[in-house]
Amino acid sequence: VNTLTLTDGNLILKDSDFEVNAINGGSANSFVLTSGDGRLVQTFNIPRLFPIGPADGIYCPATIQQFGGQLKFGVRVTNVFDVPTNGADRVENQWTIDTLSAGTPNVGVTLQWNSPSDEGGSFDANNCHISYFDPATFNWIESVDAAATCNAGVCTRVQTGFNFFENAVFGVASG
């Protein structure tokens, strides 16, 4: 699809990928629902919004900035983790980001969630980080703690310097 316009209602992917060249719109009222294994796919080298959510009424987009050459990424979010987690000090969403083209990613990631409904009981948005699950070591790799930006029940956390994206699982945690 050349341009996806999101104004009202959701596009449901289930288990199929959906590739677009550009997206107009995207909000809590209209986003791509990634309830299965399907990913929203875009090719870019400038910041791109992936207006996605794991279920109807739960908007949890990701914004990706590729520093360097143009690459293709596929992104989905679920509200169930398919890797081990530790405790309740996390946002209850798993973002999976894949590089789908040749090249070396050097990426900044912005993840958004709803507060407090998407947060575990002991999560602290004032001292949190984006984590990456390393399948080689079976451990979460944590970035530096900092405050999330929260406004009217919507929080975002930004982290740069990621360069591994083959079925890469990301989450937001504190502690």
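Ser101 fulfils the conditions (1) within 26 Å of Thr149 (Cβ to Cβ); (2) at pLDDT below 95 except for a single criterion, (1). If the condition is being crowded, with 16+ Cβ neighbours inside 10 Å, in contact with a Phe, Trp or Tyr (Cβ under 6 Å, 6 or more places away or on another chain) and of a type outside the set (D, E, K, R), then the stretch 79-92 contributes only Val91.
Within the stretch 24-36, identify whether any single residue is in contact with a Ser or Thr (Cβ under 8 Å, 6 or more places away or on another chain) and loosely packed, with under 13 Cβ neighbours inside 10 Å, and answer yes or no. The answer is yes, given that some residue of the stretch 24-36 is in contact with a Ser or Thr (Cβ under 8 Å, 6 or more places away or on another chain) and loosely packed, with under 13 Cβ neighbours inside 10 Å.
For (1) under 24 Å from Val158 (Cβ atoms); (2) modelled with pLDDT of 95 or more, each residue gets a yes or a no:
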residue: Asn10; (1), (2): no, yes
residue: Glu19; (1), (2): no, yes
residue: Ile58; (1), (2): yes, yes
residue: Gln66; (1), (2): yes, no
residue: Pro105; (1), (2): yes, no
residue: Thr110; (1), (2): yes, yes
residue: Ser115; (1), (2): yes, yes
residue: Glu119; (1), (2): yes, yes
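For the stretch 48-71, a tally of residues being assigned to a strand (DSSP E or B), within 26 Å of Pro105 (Cα to Cα) and touching a residue at least 40 places away in the same chain (Cβ under 8 Å) returns 6.
Of all residues in the stretch 136-157, those that are modelled with pLDDT under 95 have Cβ atoms under 8 Å from Cβ atoms of residues that are assigned to a strand (DSSP E or B) and of a type in the set (Asp, Glu), 6 or more apart or on another chain, in Trp140/Asp134; Ile141/Asp134.
If you go through the stretch 114-149 and keep only what is touching a His at 6+ places or on another chain (Cβ under 8 Å) and among the charged types (D, E, K, R), you end up with Glu142, Asp145. Across the stretch 55-78, the qualifying residues are those that are out of contact with any Leu (no Cβ under 8 Å at 6 or more places or on another chain) and among the hydroxyl-bearing types (Ser, Thr, Tyr), and the one among them that is surrounded by the fewest Cβ atoms within 10 Å (Cβ to Cβ) is Thr78. Here Asp118, Asp89, Asp82, Asp37 are screened, and the one residue that is over 15 Å from the mean Cα position of the chain (by Cα) and not aliphatic (A, V, I, L, M) is Asp89.
The values are calculated or read from the model by the stated rules, or taken from the named source; none is laboratory data. Source: prediction; values computed, not measured. All Cβ positions, even for glycine, are placed from backbone atoms using ideal geometry, and neighbour counts span all protein chains on display.
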